[in-house]
Amino acid sequence: MWLLSLSFRSLIQGTVREPVEFYQKIEGNAGAWGKAVATIDASAARVFADRWCQNSHEHKKDHADYYGADALRKVVHIKDSRSMLFVTIVKFPSPVSNRVFATWLTWWKEPDNSFLMALAPMDDYADESEDDAAIADFIAKQKEQREREGDTHEGAYRGDTEDLELMIMQRAAKKALVNELDSLIKQDPIASKAVRGTVRGYWRIKPLSASVCEVRYMAQAELGGSIPSALINAGLKNNLGVVQTMQVKFARNGKVVDKEMRGVFASPPPLVELSQEQMSVVEDCRSLESEDGREWETLASPFPFVTMWMKHPPAKENERSIAIGKATAVIDCPVHEAVGESSETSARRAA
């Protein structure tokens, strides 16, 4: 399995102010990359479990309601691994042919407790070239060990024969499982007539607090055949829409979520730990209150406990003079809560 790092520059139109941001990166007619980013009001573990447990009654019912009870959907969890194979039919409106996807999924956990789940075509799971390389490497290490110990016997070293046989059996089992699912597709009356598509991508579910996480889903679907670009873009956003569905599904009271997020707001680093670029921003902020020969003009504040001022510093050459405002107040909360509240408000306004 692998992960990709791509630069997404195009925000899909109409998503700037939506809770979930959608991005796309076009690579040819049927090779669009899509990315969705959202904050979800549930723990990272719970959200990941919702994605991984594809055999749940809820997921099966959703598929049947959307594509029909006769639509192919098969989930096979691979024993003693964090992998599964997932076969599903996706129906398109006529005259576009339906698509069938056979995908290999595997997951792991990062040091920061983020859950990652990678997606690749099912054929990658039974890629014999990787298995052959592993077997060749195993045999080469056996030979090196025999030479170090002066053993000239050409057979397997000590009890390692069983390990080698196990690797060969595992390769055969992978191939047999893929062949079994391929046969299932060929025998299905709808899937057998569908065009074979593939999906690559990954989910990254990062905890932000005990009950809030950030979800990033990136995927590329190779649909095969000939499909109008407008339909590809519509299908891309529909695929990414699962993130928005999850956000709605796990939505909780906003005030409760805000309180949780403020509770885990990190203390800012000391100045000595800032980079040169960050220090430049700090100095720019400090300069706002520097002495420039202009007096602060007191403003009439609409709030009884907030004092406000304004001044117009001298304009730079070929630039307009921009007013600077200042406000002070005493707030009944710890410093880290005030900073956290301010950061959340700024983020919402920026969105």
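Rule-based calculations on the coordinates, nothing more; no lab input. Note that this is a predicted model, so its numbers are computed, not measured. Note that each Cβ is placed from the backbone with ideal geometry, even for glycine, and that neighbours are counted across all protein chains shown.
How do His63, His336, His57 line up, fewest other C-beta atoms within 10 Å first? Could you put the intermediate results ahead of the total?
Values: His63 18, His336 14, His57 7.
Least to most surrounded, the residues fall as His57, His336, His63.
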Fewest-first ordering of Trp296, Trp52 by Cβ atoms within 10 Å yields Trp296, Trp52
About the Cα centre of segment 234-313, what is the dipole size in debye to 20, counting +1 per Lys and Arg Cβ and -1 per Asp and Glu Cβ, all else neutral?
880 debye
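What number comes out for the charge environment of Trp107, summing +1 per Lys or Arg and -1 per Asp or Glu over other residues with Cβ under 12 Å away?
+3
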Can you tell which of Ala64, His77, Pro95 lies farthest toward the positive end of the dipole of segment 21-104, using +1 and -1 charges on the Cβ of basic and acidic side chains (Lys, Arg; Asp, Glu)?
His77
Could you tally the net charge around His59, taking each other residue with its Cβ under 9 Å from the Cβ of His59, Lys/Arg +1 and Asp/Glu -1?
0
Net charge of Cβ neighbours under 12 Å - reference Leu116; Lys, Arg +1; Asp, Glu -1
+4
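Hey, fewest Cβ within 10 Å first, where do Leu177, Leu72 land in order? Show your work: numbers first, answer last.
Numbers: Leu177 16, Leu72 21.
In order of increasing Cβ crowding within 10 Å: Leu177, Leu72.
When the chain is fully extended, how far beyond the present Cα-Cα distance does Ala172 get from Arg294, taking 0.36 nm per residue of separation?
Working: separation 122, 0.36 × 122 = 43.92 nm, distance 8.11 nm.
Taking Ala172 through Arg294 to full extension adds about 35.8 nm, to one decimal.
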